[in-house]
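A single structure is presented below for examination.
The values are calculated or read from the model by the stated rules, or taken from the named source; none is laboratory data. None of these values were measured; they are calculated from a predicted model. Cβ atoms come from the backbone with ideal geometry, glycine included; neighbour counts cover every protein chain shown.
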Amino acid sequence: MVARSFLSASLLACLALGAVGCGAAEPEDEALGVVDDAEDALTMVWPVVRSGQVNQDVTTVQYLLKAAGFTVSLDGSYGAGTETAVKSFQRARGLVADGIVGTSTWAKLIATVSSGSRGGAVEAVQYLLKNRYAKALSVTGTFDTNTVTQVKSFQQSRCLTADGVVGSLTWNALVGRTTNCGGGGTSGSSSSPSTPAASGGPASRILSAHRAGTVTLWNQTFGRYDGADPLNNITDAASGRPAKRSCYGSAPCGSVYLQSGMLNAVAALRERYGYRFFVTTIAGGSHSSGSYHYSGRAIDVDEVNGQRIYGNSTVADQFLSACRSLGAVEAFGPRNDPNGHWDHLHCAW
Ligand SMILES: [Zn+2]
């Protein structure tokens with residue numbers, strides 16, 4: 001199953017009808033990244049950004065508002081100033097001025113940038129590459145040769161045309177954390193590269209999936225770089241080391257060996273069930289006291305198959321059901337715990 005977000009509405013309709021020659025009418029230039037961003041972006045899945053949030057999506061919106069000529073602080077915190085700017089932007093673009101940045105607002109905020117471009121949109125690209133994807137570059141606002149290199153490297157990692165041009169597909173991959181890789185659907189396609197499975201325990205197989213872009217392990221702990229993030233946790237586990245816990249909030253600090261039942265299940269969610277998902281926390285982060293995270297038995301996931309978890313959805317239900325089939329002792333999400341898990345899924349073994 002190809003990520004739905006990468007298919008245009010017309011192609012989806014075409015596929016649904018089973019027509020011969022599907023996609024023949026697709027504009028040739030799409031592969032070159034020269035796209036009508038606004039129109040294309042409307043068919044993609046974007047995170048919902050709203051008042052009260054503090055995260056990288058908010059920072060990205062702030063940079064893009066700056067690009068559109070609005071004055072906002074670039075602090076990643078969606079407060080009153082950001083809300084005023086979002087509403088003004090929405091009014092100016094003929095959108096409902098509700099202050100909520102959803103698909104239609106994202107579609108108007110993003111703009112194609114490439115070598116030589118300057119300004120807030122370039123800063124947003126650089127900010128995400130640096131902070132979300134650990135690319136070596138600075139936020140300068142100038143699309144220089146290093147930015148071209150890093151954009152191409154990112155595009156390659158997401159199986160997009162590596163042309164160095166940030167159009168709607170690349171924006172969506174950057175912002176929505178979507179990937180065009182691993183189109184193989186339910187049961188493994190024979191064409192998928194067989195990584196040395198024999199050599200790998202579950203942690204190293206999860207790491208391989210991360211490198212392939214099918215399971216994304218976050219490289220930070222909600223804005224902190226404390227070594228307790230999922231990428232570090234799994235890297236440690238793959239090397240036989242205990243995984244770090246965080247030291248802020250109610251987190252107990254120290255470290256813990258990730259439980260093998262959890263690791264096997266996470267690998268199976270990818271390998272057996274074919275899910276692509278984004279892991280935000282394993283042993284790190286601050287949770288309620290006695291949380292299974294602290295004992296290395298739980299994961300939090302905020303995106304499955306390119307869809308961000310925000311409220312009830314079929315994919316959320318199915319993912320939790322897969323967790324339970326794999327022996328999870330906890331499986332929380334918007335349906336069964338709307339207060340605690342409205343925007344992410346939690347499975348523990
Ligand atoms: Zn959790």
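Do the conditions hold for residue 228, that is, is it modelled with pLDDT of 90 or more, crowded, with 23+ Cβ neighbours inside 10 Å and part of a loop (DSSP other than H, G, I, E, B)?
When the stated conditions are applied, residue 228 passes them.
Which residue pairs have Cβ atoms closer than 7 Å, lie 6 or more positions apart in sequence or on different chains, and pair a first residue in the range 129-147 that is under 17 Å from residue 178 (Cα atoms) with a second residue that is of a type in the set (D, E, K, R)?
What qualifies is 129/135.
What number of residues within the range 264-286 satisfy the criterion of being within 12 Å of the ligand (Cβ to nearest atom) and buried (at least 21 other Cβ atoms within 10 Å of the Cβ)?
Applying the first criterion (within 12 Å of the ligand (Cβ to nearest atom)) to the range 264-286 yields 279-286.
After this cut, where a residue has to be buried (at least 21 other Cβ atoms within 10 Å of the Cβ) as well, the list is 279-285.
Summing the residues that are within 12 Å of the ligand (Cβ to nearest atom) and buried (at least 21 other Cβ atoms within 10 Å of the Cβ) in the range 264-286 gives 7.
With the range 1-111 as the region, which helices (runs of 4 or more DSSP H) entirely inside it contain at least 3 residues that are of a type in the set (Gly, Ala, Ser) and at pLDDT 95 or above?
Correct list: 80-92.
Inspect the range 255-263 for any residue being away from the ligand (no atom under 12 Å from the Cβ), buried (at least 24 other Cβ atoms within 10 Å of the Cβ), assigned to a helix (DSSP H, G or I) and in the same structural domain as residue 313 (by TED's automatic domain parsing) and give the result as yes or no.
There is at least one residue in the range 255-263 that is away from the ligand (no atom under 12 Å from the Cβ), buried (at least 24 other Cβ atoms within 10 Å of the Cβ), assigned to a helix (DSSP H, G or I) and in the same structural domain as residue 313 (by TED's automatic domain parsing).
Still on this structure, I have one more. Filter the range 311-336 down to residues that are out of contact with any strand residue (DSSP E or B) (no Cβ under 9 Å at 6 or more places or on another chain) and either within 15 Å of residue 47 (Cβ to Cβ) or acidic (Asp, Glu) (or both), then give me how many there are.
Qualifying residue count for the region: 2.
Ok, one more. Does the range 338-349 hold any residues that are surrounded by fewer than 16 Cβ atoms within 10 Å (Cβ to Cβ) and within 10 Å of the ligand (Cβ to nearest atom), and which are they?
340
Does the range 294-310 contain any residue that is within 16 Å of the ligand (Cβ to nearest atom), farther than 25 Å from residue 133 by Cβ and surrounded by fewer than 20 Cβ atoms within 10 Å (Cβ to Cβ)?
yes
Looking only at the range 325-334, which residues are away from the ligand (no atom under 15 Å from the Cβ) and either part of a helix (DSSP H, G or I) or loosely packed, with under 14 Cβ neighbours inside 10 Å (or both)? Can you show your working first?
Let us first name the residues in the range 325-334 that are away from the ligand (no atom under 15 Å from the Cβ), namely 325-327.
Answer for the range 325-334, where residues must be away from the ligand (no atom under 15 Å from the Cβ) and either part of a helix (DSSP H, G or I) or loosely packed, with under 14 Cβ neighbours inside 10 Å (or both): 325, 327.
I've got another one for you. Looking at the structure I just gave you, is residue 311 part of a loop (DSSP other than H, G, I, E, B) and under 25 Å from residue 57 (Cα atoms)?
Yes; evaluated as a whole, the condition is true for this residue.
When the range 311-324 is examined, which residues are found to be touching a Pro at 6+ places or on another chain (Cβ under 7 Å) and within 16 Å of the ligand (Cβ to nearest atom)?
316
Restricting to the range 112-126, what's the tally of residues that are assigned to a helix (DSSP H, G or I) and in contact with a Phe, Trp or Tyr (Cβ under 6 Å, 6 or more places away or on another chain)?
4
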